[in-house]
1. Is the C-alpha gyration tensor of the range 90-134 telling us rounded, prolate or oblate? Criteria: a/c under 1.5 is rounded; beyond that, a/b larger than b/c is prolate, otherwise oblate.
2. Assign one of three labels to the range 57-107, namely rounded, prolate or oblate, based on the Cα gyration tensor with a ≥ b ≥ c the square roots of its eigenvalues; rounded applies when a/c is under 1.5, prolate when it is not and a/b is larger than b/c, and oblate otherwise.
3. Can you tell me the accessible area per residue over the chain, all protein chains present, probe 1.4 angstrom, in square angstrom?
4. With volume of the Cα convex hull per residue in Å³ as the read-out, I listed (i) 104; (ii) 149; (iii) 118; which label goes with the value calculated from this structure?
5. How much length is gained if the chain between Asp167 and Asn98 is pulled fully straight, taking 0.36 nm per residue apart and subtracting their Cα-Cα distance, in nm to one decimal?
6. Helix 2-15 sits at what angle to the longest principal axis of the chain, using alpha carbons and giving 0 to 90 degrees rounded to 10?
7. Once every DSSP H run of n ≥ 4 in the chain is given -39500 (n - 2.57) and the sum is divided by its residues, what mean residue ellipticity at 222 nm do you get, rounded to the nearest 500 deg cm²/dmol?
8. Over the Cα atoms of the range 71-179, what Rg and Dmax result, in angstrom?
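The values are calculated or read from the model by the stated rules, or taken from the named source; none is laboratory data. Computed from a predicted model, the values in this text were never measured in an experiment. Neighbour counts are summed over all protein chains in view; Cβ atoms, including those assigned to glycine, are modelled from backbone coordinates with ideal geometry. Quick note on the areas: whole protein, heavy atoms, side chains included, nothing else; ligands and nucleic acids left out. Shrake-Rupley method; radii C 1.70, N 1.55, O 1.52, S 1.80 Å.
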Amino acid sequence: MKKIFTLLAVALMVACQGEQKYSTQYPCSFMFFTSYHPTSVLTICLGNPGLFTIVEPKLVSGVTHLMLTPNQGNNWTSEQTVIPMRSAIENDRLNYENMGANKRLVIGASFTGQKAFDGQCPNCLANGTSVNRPLSWADKGLMLECAQCKTKYNPNAEGIPTNGTEDTPRLIEYRVEYNGEKLFVHN
């Protein structure tokens, strides 16, 4: 009886070791205070399914700015897409170095909730070619595409590839915690 129980326990452990949903391969710890930036593209995307934005930090005159590239519309103002991190917490205490494979995230809301993906191509990362294979918007903002390998990914469908082979990985996903005032994306 003890052997049967042990075999069942081992079988359950093996069955539960499927593909992990959230990646820990690249350090990710990104915080954004939506209450400080209520009209930013990032804040708007979090509350509207189907809207996503690419988020990249850029240092300008000693102040970190978040450069946002939304997937939909071209009516956005620079005040909504270039967000200076001016508060002491945002600019002095937060670190923008740990944002996935190469400091680039894709954040927004799918129809199942808020999502955060790495902004680099998981297919190229898996092949070890480079950590600098940024994804960009394609197909009128519905897909993310890698210019190098031409793989396309659907952020509204859990980041699955829409072309490629059966072993092409889906987008690298990170955990999202959002309470309406603060967004935290992490491993």
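1. Details: a/c = 3.59, a/b = 1.15, b/c = 3.11.
Judged from the Cα gyration tensor, the range 90-134 comes out oblate (a/c at least 1.5, b/c at or above a/b).
2. Working: a/c = 2.49, a/b = 1.35, b/c = 1.85.
Oblate, since a/c reaches 1.5 and b/c is not below a/b.
3. Values: 10310 Å² over 187 residues.
The answer is 55 Å² per residue.
4. Answer label, from the structure shown: (ii).
5. Numbers: separation 69, 0.36 × 69 = 24.84 nm, distance 2.73 nm.
Gain in length upon complete extension: 22.1 nm.
6. Taking the Cα atoms of the chain, the angle to 2-15 is about 30 degrees.
7. Working: 4 runs with 30 residues, N = 187.
Taken over the chain, the calculation gives -4000 deg cm²/dmol.
8. Values for the range 71-179 (Cα only, Rg and Dmax): 15.0, 47 Å.
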